[in-house]
Structures are given as structure tokens and as C-alpha cells.
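Enquirer: The structure is given below, and queries will be raised subsequently.
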Amino acid sequence: MKKDSSISLTASKYGHIPICMTEDQSLNLSPCHCGALRRAARRVTQLYDAGLAPTALTVTQFSTLAEVTRAGERPPTMGQLAETLGMDRSTLGHNLRPLERDRLIKLVPGETDRRSRRVSLTPAGTAKYTEALALWKKVQKHFESTYGSESAAQLRAVLHDLSKRSLQTAASVSSTSRTKSKRTKSVR
């Protein structure tokens, strides 16, 4: 009788973090949350990039056009757009260059502060976004049918929550650990 390895769990320990996994996965599964998120993000990005390929837009470019569109009549500043997309301004600037080169967006100086620039869609950008939106909806539907509508909604809610939380940087986490370690040693 063959043993079903997907049901039989083995407990492993990576440092102080207990991990339960199937026997088949025990050699392949990393306990790193960041690694798991990045792997999943790469896979989902590949799916959406492939679906949007006929428009020559990446999912990052599509998301940028979508957020500018969502802003409506008042185009967002670069700072506002960077915040909404969860990236720093230099990364946003790098991502905007091809969209500006292809005349899908334009950067307009601010009315009161000329150093501030607002990002707005051109008519070609609006047309490209509309074209891409139809393909994005197909990919979205495919993801939901593959992953499950309810699971996809729960995943999206968890990811939205995670993106809104203020997580410490690795430097502050490691300095906090060193401080606690020093206090523990001095107490002994």
C-alpha cells in the first residue's frame, strides 16, 4: 500500500521557526516570507505580462496607467503616484520614461510649485489603457478561475493589508535585535 505523502506531515526546524510540510516539500520549501512573496509575485507578474503582451505594456506599466486613470480629473503628482504604487520616486521615474517616450503619459509642471510634476495620460495613453484593460480583465478572470474567486479575494485583501502596514527596515530590525541581545547579556 502506497503512503500518501501529501497527508503525512513531517515537522522540521529552521533555527527557532518550526515548519510543518509534506515529506515531498521538506527539501524545497524555504521558511523565508519574503522569498515566498517574491516567487509568487514573479509567477503572477509573468502571467499578467504574457496576457498584456499584445499591447507591448508590462503589468507594471499597465498598473501605472490604471492609477493615473483612477485619479480622474486631478492628475497625481509623482510623489502621490509613487506612494500609491508602493515604490520610491526614483523607481517611478525609471518606470515612467518608456511611457513618456511612447507618448502615453506627459509630465506637467505643478501650478504652484514648478518643481512638482503631475502625471497625466495623453489621448494615446488613454487608448492604450483601454486596449490593455480588456486583456487585463481576461487575465484577471483566468487567475480567479484557476486560483478560486474567494481565495483570490482573500489573497488580495491580505496583500492590501500587508502593503499598508509600516514594517521596519532590516537595518532597524537588526539594530533592535542587537539592543535586546546586549540588554540580555548585561542582565545576566
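The values are calculated or read from the model by the stated rules, or taken from the named source; none is laboratory data. All values derive from a computational prediction rather than experimental measurement. For neighbour counting, all protein chains shown are included, and Cβ atoms are generated from backbone atoms with ideal geometry for every residue, glycine included. Surface accessibility is based on the protein's heavy atoms, side chains included, excluding ligands, DNA and RNA. Shrake-Rupley method; radii C 1.70, N 1.55, O 1.52, S 1.80 Å.
Enquirer: For Asp161, state whether it is of a type in the set (Asp, Glu), open to solvent by 50 Å² or more (accessible area, probe 1.4 Å), under 23 Å from Arg38 (Cβ atoms) and at pLDDT 75 or above. Give the steps one after another, and end with the answer.
Expert: On the way: of a type in the set (Asp, Glu): yes; open to solvent by 50 Å² or more (accessible area, probe 1.4 Å): yes; under 23 Å from Arg38 (Cβ atoms): yes; at pLDDT 75 or above: yes.
Yes, satisfied.
Enquirer: Give the range 115-163 a look and list any residue that's of a type in the set (Ser, Thr, Tyr) and farther than 20 Å from Arg43 by Cα, or say none. Write out each step before concluding.
Expert: Step one: list which residues in the range 115-163 are of a type in the set (Ser, Thr, Tyr), which gives 116, 120, 122, 126, 129-130, 145-147, 149, 151, 163.
Within the range 115-163, Ser116, Ser120, Thr122, Thr126, Tyr129, Thr130 meet the criteria.
Enquirer: Can you pull out every residue in the range 122-145 that is surrounded by 13 or more Cβ atoms within 10 Å (Cβ to Cβ) and closer than 22 Å to Val108 by Cβ? So that I can check it myself, show each step before the final result.
Expert: Taking the range 122-145 and keeping what is surrounded by 13 or more Cβ atoms within 10 Å (Cβ to Cβ), we get 122, 125-126, 128-129, 131-133, 135-136, 139-140, 142-144.
Selection gives Thr122, Gly125, Thr126, Lys128, Tyr129.
Enquirer: I'm checking my understanding of the structure. Among residues of the range 73-110 that are charged (D, E, K, R) and touching a strand residue (DSSP E or B) at 6+ places or on another chain (Cβ under 9 Å), which one is surrounded by the fewest Cβ atoms within 10 Å (Cβ to Cβ)? Walk me through it before giving the result.
Expert: From the range 73-110, those charged (D, E, K, R) are 73-74, 83, 88-89, 97, 100-103, 106; that's our starting set.
From the residues that got through so far, the ones that are touching a strand residue (DSSP E or B) at 6+ places or on another chain (Cβ under 9 Å) too are 74, 100, 106.
On the way: Arg74: 9, Glu100: 15, Lys106: 15.
Filtering the range 73-110 for residues that are charged (D, E, K, R) and touching a strand residue (DSSP E or B) at 6+ places or on another chain (Cβ under 9 Å), the one surrounded by the fewest Cβ atoms within 10 Å (Cβ to Cβ) comes out as Arg74.
Enquirer: Return the residues of the range 50-63 that are open to solvent by 50 Å² or more (accessible area, probe 1.4 Å) and either assigned to a loop (DSSP other than H, G, I, E, B) or not hydroxyl-bearing (Ser, Thr, Tyr) (or both); say none if nothing qualifies.
Expert: Narrowing the range 50-63 to residues open to solvent by 50 Å² or more (accessible area, probe 1.4 Å): 50, 53-54, 56, 58, 60.
Ala50, Ala53, Pro54, Ala56, Thr58, listed by residue number.
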